[in-house]
Amino acid sequence: MNQSEVLAKLQTVFDNVFLEPVALTPALTAKDVPEWDSLTHISLLVSVEKAFSVRFRVGEVEQTRNVGEFADLIVKRMQER
Amino acid sequence: MPDPDAEHNLQTLLLEGRPEFWDGLKLRTREAADFSELFQLSSLRKKAEARQLPKRGAVHKKTRLALLGGYSLYPLHELVGHLGDTEGTPCELWLGDFDNYISEIMDEESGLYGFEPQVVLLLPAEHRCKYTGALSDSREAQRAEAGRVVDSLLELARKIHTKTHAEVIMTNFMLPARRDLGAYRSRTLGSDWSFRKWVNLELGFKAPPYLHICDLEFLAARHGGISARDERAWFESKQPCSAALLPDVAREVVHLIQNLRRAPKKVLVLDLDNTLWGGVVADDGMDGIEIGDTSPRGEAFKAFQKYIATLKQRGTLLAVASKNDHAVAAEVFEKHPEMVLRLNDIVSFKANWEPKSDNLRQMAAELNLGLDSFVFVDDNPAEIEIVRQFAPEVATILLGPDPSEYVGQLQDCRFFEPRSITSEDAGRTSQYRSESQRQALLAVAADMDAYLESLGMEGSICEFTPVDVPRVSQLINKSNQFNLTTRRRSEADLTVLMTDPAYVGFSVRLRDRFGDHGLISVMIGRQEGETMHIDTWLMSCRVLKRQVEDEVLNELARLARSRDCTRLEGIYRPTPKNGMVREFYLKMGFNLVYRDETSTRYELPIEHYQPRPTRIKIVRRAYEPI
């Protein structure tokens, strides 16, 4: 999977977690989405890990600065499997 | 795995604004296996609420639930809120700050107390449940420290309860699942493994009635110790356990909240062929059925019967509903040497060709119990379906294809969990069996008065005492039919009420020459000036038409007059189940004062009250020395 494929699949995960529709773009950050607080974030990560069958390492998701980097991280962890 | 079709269906129902959405949501929530599925369902629920999709059925009052502990309570609170909502126990939530529970509890000005919780869920921090000395310290020193941990937890619960009267649900501690210390872990109390195990046991043994243990040790063991934990989730977001275990914890919490106001089921109704034994007795004959220690299958059926016998011992009534010829079915119980259950274990035996739903209704009428206290067990899906359709109040269990799994299925059904075991539970089968003997006597007695006289009834009336509180609370929470106000009260509520001088409360025990009915009626009065308000008046339907209600009124009038009251005031609050007492106060000589949709008020002047004559000999009265 490349970044855009991951983004497409990620969109369905976001649709299930957030109440209001969120249109994912690589430049999007949590600050742009009112519902995306540190609490929703926990649930979001559980859903993402399940959907992509990956497991992030401690603290690394926090390091990503936008959805694009997050998608790259998913790609990286998928390649390790 | 979430089923994409089902997900899609719920979405469609939501978009079309169809109220069936809620039924689908409830079903999916019950079946949801993992965290992200539950979380998605919760999001769907919130979307539906935002759209104000209409709900069908009763609107439930919200329970004010406070969550606090040594962890981040999100997203546990999301799951608890969702499960509570879909299971008819909606909660208004208050969340404590991360690891701030001790000051939230000790500071009387804290937000916890401002919230006035009815239920408090406390998750004490695991890192405070640890032996601080050396593994090689003396057993006494280690045990003393474990005792101090338990005492400080009990003190927190006591503090919450004294200040708020709330019921407290406290999680205990998961055991470590890593191999650290090896086999040595069980040779010292200083290891986390034995220390926590010891604290958990002592906490459970010492818990007062208002404290309910959410058994995290058990939940983690059932789930699997390694996957119950997630170190990363602790470092990143201070979670109490892995996301995989979280739904189990949330379900348990909601189950415990529901148990506060809900009685266990009372009657287990059993099918016979391929349920209690293998094979069909009408075809295979008594010699051909599989039961007993001669074959693995026979052993499995016998083990199932043995487990059912332990349920009976715990106070569950057993009944039979079978499509069979009565004599053929009964003969197995009478004569088969390997049967564990015998005819005198069964309070109602229906082997005939009527639909089982009809048989269940008849049993309910005979035993004077609501259908909603019945659980029906069968291996045949068609029979289960008939009961679901025509007696929907009955809970059903469809047995799987393998009899070796029957015991586990029943053990996991959660219908018969004891709250606090009272000795009267164990004697219940004999009470109900003597009820049928009394019915027989009624048939021959010439008139009602002579019949009542012949029973030789003795009543004993007693103010609420601490030792009676579990039984009184049990009766308050399970009586539906003869119950004028249907106000539910927990053991903790009653303990508080007993110290309030405005209240009088008493219970009645009745015995007759066929046996002891135990504690069968409860009255709670609240004095306001010269008026005694009847807050609660209820009675077990086993003793209908036995003049118990007359003696209860006599006693209340006596107590009210001794407190200088001049009138009694009673209200009837209708529910779907208490129609039998709609006109009760009029029958008892009260006058109608006021009627609206939700209640009817009656009064009875008592300055010249004449006690109502009965055939019950009262051997003790309330608030009097024995």
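The values are calculated or read from the model by the stated rules, or taken from the named source; none is laboratory data. Being a predicted model, the structure only gives us computed values, none of them experimental. Glycine also receives a Cβ, built like all others from the backbone with ideal geometry; neighbour counts cover every protein chain displayed. We work out accessible area using only protein heavy atoms, side chains counted, and drop any ligands, DNA or RNA first. Shrake-Rupley method; radii C 1.70, N 1.55, O 1.52, S 1.80 Å.
For region B:167-183 versus region B:188-248, the inter-centroid distance based on Cα atoms is 4 Å. When Rg and the Kirkwood radius Rh are both evaluated on Cα atoms of region B:517-588, their ratio Rg/Rh stands at 0.97. Solvent-accessible area of chain A (1.4 angstrom probe, protein heavy atoms only): carbon and sulfur portion equals 54 percent. In terms of Cα to Cα distance under 12 Å, which aspartates and glutamates are near enough to B:LYS335, apart from those fewer than 8 places away along the same chain? Excluding near neighbours in sequence, the set is B:ASP287. Report, in whole Å, the centroid distance computed from the Cα atoms of region B:285-327 and region A:2-23. Spelled out, the Cα-based centre of one part sits 54 Å from the other. When B:HIS127, B:HIS533 are compared by accessible area of protein heavy atoms, the largest-first order is B:HIS127, B:HIS533, using a 1.4 Å probe. With a simple spin-label model that places each label point 7 Å from the Cα along the Cα-to-Cβ direction, the separation between B:ASP412 and B:ASP34 comes to 1.8 nm. A simple rule links phi to the HN-Hα coupling: the Karplus curve 6.51 cos²θ - 1.76 cosθ + 1.60 with θ = phi - 60°, which for region B:400-409 gives x, x, 10, x, 5, 9, 4, 4, x, 4 Hz, with x for Gly and Pro. Candidates B:GLY225, B:PHE235, B:ILE257 compared by Cα position along the dipole of region B:179-303: farthest toward the positive end lies B:PHE235, with charges placed on Cβ.
Express the carbon and sulfur contribution to the solvent-accessible surface of region B:303-354 as a percent, rounded to the nearest whole number, probe 1.4 angstrom.
Working: 1090 of 2150 Å².
Accessible surface attributable to carbon and sulfur in region B:303-354 totals 51 percent.
State the three equivalent ellipsoid semi-axes of the protein assembly as shown, derived from the C-alpha gyration tensor as the square roots of 5 times its eigenvalues, in descending order and whole Å. Each step should come with its number before you reach the end.
On the way: eigenvalues 475, 226, 155 Å².
Each semi-axis is the square root of five times an eigenvalue, giving 49, 34, 28 Å.
Suppose every K and R has +1 on its Cβ and every D and E has -1 on its Cβ; what is the size of the dipole of the protein assembly as shown about the Cα centre, in Debye to the nearest 20? Could the numbers behind the result be given before it?
Values: 90 positive and 105 negative charges, 263 e Å.
I would put it at about 1260 debye.
Interface area, chains B and A: about 1600 Å² of buried accessible surface, summed, with a 1.4 Å probe and ligands, DNA and RNA left out. Counting heavy atoms of the protein chains alone, B:VAL552 has an accessible area of about 0 Å² for a 1.4 Å probe.
Taking the square roots of five times each eigenvalue of the Cα gyration tensor of chain B, the equivalent ellipsoid has semi-axes of 42, 35, 27 Å, listed largest first.
Each Lys and Arg contributes +1 and each Asp and Glu -1, all at the Cβ; summed about the Cα centre of chain B, the dipole is approximately 1240 debye. Between the listed residues A:LEU45, A:VAL22, A:VAL58, the Cα displaced farthest toward the positive end of the dipole of chain A, a dipole computed from Cβ unit charges relative to the Cα centre, is found at A:VAL58.
Calculated FRET efficiency, B:HIS255 to A:GLU69, Cβ-Cβ distance, R0 = 45 Å: about 0.60 to the nearest 0.05.
Using a simple spin-label model with pseudo-atoms 7 Å out from Cα toward Cβ, B:ASP500 and B:PHE390 lie 4.7 nm apart.
Taking chain A as a Gaussian network of alpha-carbon nodes connected by springs under 10 Å, the highest mean-square fluctuation of the residues A:LEU44, A:LEU28, A:LEU19 belongs to A:LEU19.
Which one, B:THR294, B:LEU311, B:ALA560, projects farthest toward the positive side of the charge dipole computed for the protein assembly as shown from Cβ point charges (K/R +1, D/E -1)? Working it through, the farthest residue towards the positive pole turns out to be B:ALA560. Given 10 °C and 1.306 mPa s, how large is the Stokes-Einstein diffusion coefficient of region B:1-112 in µm²/s, with Rh as the Kirkwood radius over Cα pairs? Value of D from the Cα-based Kirkwood radius: 103 µm²/s.
Using a 1.4 Å probe on the heavy atoms of the protein chains only, list every residue of region A:7-29 that has 40 Å² or more less accessible area in the complete assembly than in its chain alone. Those are A:ASN16, A:LEU19, which lose 40 Å² or more relative to the chain on its own. The mean sequence separation of alpha-carbon pairs under 8 Å and at least six residues apart, normalised by the residue count of chain B, gives a relative contact order of 8 percent. Could you list, in their original order, any pairs among B:LYS55/B:LYS266; A:LYS9/A:LYS50; B:LYS55/B:LYS577 whose Cα atoms are separated by more than 20 Å? Those over the limit are B:LYS55/B:LYS266; B:LYS55/B:LYS577.
For a 22 Å ceiling on Cα separation, which of these pairs sit above it: B:LYS26/B:LYS350; B:LYS26/B:LYS46; B:LYS478/B:LYS617; B:LYS312/B:LYS350? Don't skip to the end; give the middle numbers.
On the way: B:LYS26/B:LYS350 34 Å; B:LYS26/B:LYS46 13 Å; B:LYS478/B:LYS617 27 Å; B:LYS312/B:LYS350 18 Å.
Flagged as over cut-off: B:LYS26/B:LYS350; B:LYS478/B:LYS617.
For B:ARG179 and B:GLU334, compute 0.36 nm times the residue count separating them, minus their Cα-Cα distance, and round to one decimal in nm. Don't skip to the answer; put the middle values down first.
Values: separation 155, 0.36 × 155 = 55.80 nm, distance 5.36 nm.
Once the chain is fully extended between B:ARG179 and B:GLU334, it gains 50.4 nm.
For region B:482-626, the fraction of 1.4 Å probe accessible surface lying on carbon and sulfur atoms is 49 percent.
How high is the relative contact order of region B:11-102, given as a whole-number percent (alpha carbon pairs under 8 Å, six or more residues apart)?
The normalised contact order for region B:11-102 reaches 30 percent.
Each principal axis of region B:111-198 carries a Cα extent, and these read 47, 26, 17 Å when sorted largest first. If you take the Cα centroid of region B:32-52 and the Cα centroid of region B:558-606, the two points sit 45 Å apart.
For region B:172-293, the orientation-averaged shadow of the C-alpha convex hull comes to 13.0 nm² (one quarter of the hull surface).
Quick check for you: with a 1.4 Å probe and neighbouring chains kept, what is the accessible area per residue of the protein assembly as shown, in Å²? Walk me through the numbers before you get to the answer.
Values: 32460 Å² over 707 residues.
Normalised by residue count, the accessible surface of the protein assembly as shown is 46 Å².
Across all directions of projection, what mean area in square nanometres is found for the Cα convex hull of region B:217-286? Before the final figure, lay out each step's value.
Details: hull surface 32.9 nm².
Seen from a random direction, the Cα hull of region B:217-286 projects 8.2 nm² on average.
Between B:LYS159 and B:GLU458, the distance separating the two model label sites (each 7 Å from Cα on the Cα→Cβ line) works out to 5.0 nm. Rounded to the nearest 20 debye, the dipole size of region B:1-101 about its Cα centre is 540 debye, using +1 on the Cβ of Lys and Arg and -1 on the Cβ of Asp and Glu.
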